[in-house]
Amino acid sequence: MVKERYYYYLYLINALINIINFVPRVLTGNRFEGALMSIFVSVVIGSTLLIIFTKLISRFPGEGLPQIYADFPRVVSIPLLSIFAILWYVSGAVTLVSFVDITLRYISPDLSPLYAIIGYLVLVTLCSRLTTESILYALEITIIINVPLVTYILIKALFNPYLSWDAVMEVITHLWTMPKYSSIAGATFIFTGYVNLAIFNRAFHSMKPRHLWLIPVSGLMILLITFLVPIGYHGTIGVEHQVYSWFSTADSIRSEFFVVERVLFIFYFTYLSLSLVTAVIHWHIALELIKSFFEKKDKKKSNPSSGSSSMNSSSSSSSSSNSSDSSNSTKSSNSSKSNKSNKSNKSNKSNKSSRDRTTSNRDWWILAPMVLATLGMGIFLDQIKLELVGQWFLYVRLPGELLLVASVFAAYWRRKKRA
């Protein structure tokens, strides 16, 4: 079991990674049409959903979404788990393919996109099969290393003389414009880290995080910086032509007295590690949700063996009791009993190893179509289509969150009524 600080790590990495998943693009596209108001609305909506889901999931200590949905009929639970598995897969795939596009655009234009995405996929698929606790420990290391670098870059960006505060103030004048759904759906993405508890709640003994007020405050600051700083560098009109506005902004900043002068390289490698860890988290959740479809079949297969082993143990105990009259028969019964126990231990070990092999093979069979689909996205989606897929995901994700919160509440209500 892990401590509650990992809850904040799940929120923080999702808040930082919003730059990759086209959130700035959606907000700057609506900069004159209520994007700033949508930021304040999204803080209320996102924080409310986060607090409600955290309170609900705390009622199921040590349980993941498949165990929570066990009270539902399979006709209900399997479609729900399938929907959420697809959403988590798409989130990780969009992050990977977007970062391949960023690599080709800013770092190495001559690199083949196929080689880049294969390299990322090998790392993500191997790591997504790790245990939940191991991924959380890797997340902590990633956060500790990269958050100081992100903070340094943000400070350099805010106090740079090339930041035009006039352009920022021009956008602020449109504060009272009514927001669109697209900008609200994009802005609420930074609070979505809490939904990862759908699987990672298994690693928490209890879920009672303190100082939750820090989440809406930090979320508001991150959203304002994400939205306004690129406008200050590229202008209210020029920012519209930037696909990855924050990478273009980082390329406009210099660090004269640092090891690397171009901040873009620091920014790139920082977000490379954050993106890969985020993709590992999302694919690990998708993998665990799909694996839960086969849990009941495995239990049914394991029940006959357990029943036969109990019959063997009962027969051995009865034979030993019947032969307790003479010392010779007692020795023979003890030896036979020890032989049977050794055989049962060997059979248990062999059954366990076979189950492990079956689980490992099943993991790869589940990951194979995910890898192939991501390869197809990386090869056939150009920059315009990839942007459309990323924006579609942001629009669909918010109703998915509402469905997740509502379904967990229904599961809690059913369990409470049965108790």
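The values are calculated or read from the model by the stated rules, or taken from the named source; none is laboratory data. Note that the structure is a prediction, hence the values are computed from the model and not measured. With ideal geometry, Cβ positions are generated from the backbone for all residues, glycine too; neighbour counts draw on all protein chains shown. Surface accessibility is based on the protein's heavy atoms, side chains included, excluding ligands, DNA and RNA. Shrake-Rupley method; radii C 1.70, N 1.55, O 1.52, S 1.80 Å.
Side notes on the structure shown:
- Sequence of F257, F409 when ordered by accessible area, the most exposed leading, probe 1.4 angstrom: F257, F409
- Aspartates and glutamates whose Cα lies under 16 Å from that of K156, excluding same-chain neighbours fewer than 8 positions away: D251, E256, E261
- Gyration tensor (alpha-carbon) shape descriptor, region 126-246, a/c threshold 1.5: prolate
- For S164, distant residues with modelled amide H under 5 Å away: Y233
- Once all protein chains are placed together, E170 keeps about 90 Å² accessible to a 1.4 angstrom probe.
- Separation of alpha-carbon centers, region 38-72 and region 107-125, rounded to whole Å: 35 Å
- Exposure ranking of L403, L272 by accessible area [1.4 Å probe, largest first]: L403, L272
- What separates the Cα centres of region 180-197 and region 394-419 is a distance of 17 Å.
- For region 189-230: rounded, prolate or oblate by the Cα gyration tensor [a/c cutoff 1.5]: oblate
- Computed from the C-beta positions of Y152 and R5, the FRET efficiency with R₀ = 30 Å rounds to 0.85.
- Solvent-accessible area per residue, Å², over region 143-200 with all protein chains present [probe radius 1.4 Å]: 49 Å²
- Cβ-Cβ FRET estimate between K291 and R254, R0 fixed at 30 Å, reported to 0.05: 0.05
- Heavy-atom accessible surface of region 36-176: percent carbon and sulfur, 1.4 Å: 72 percent
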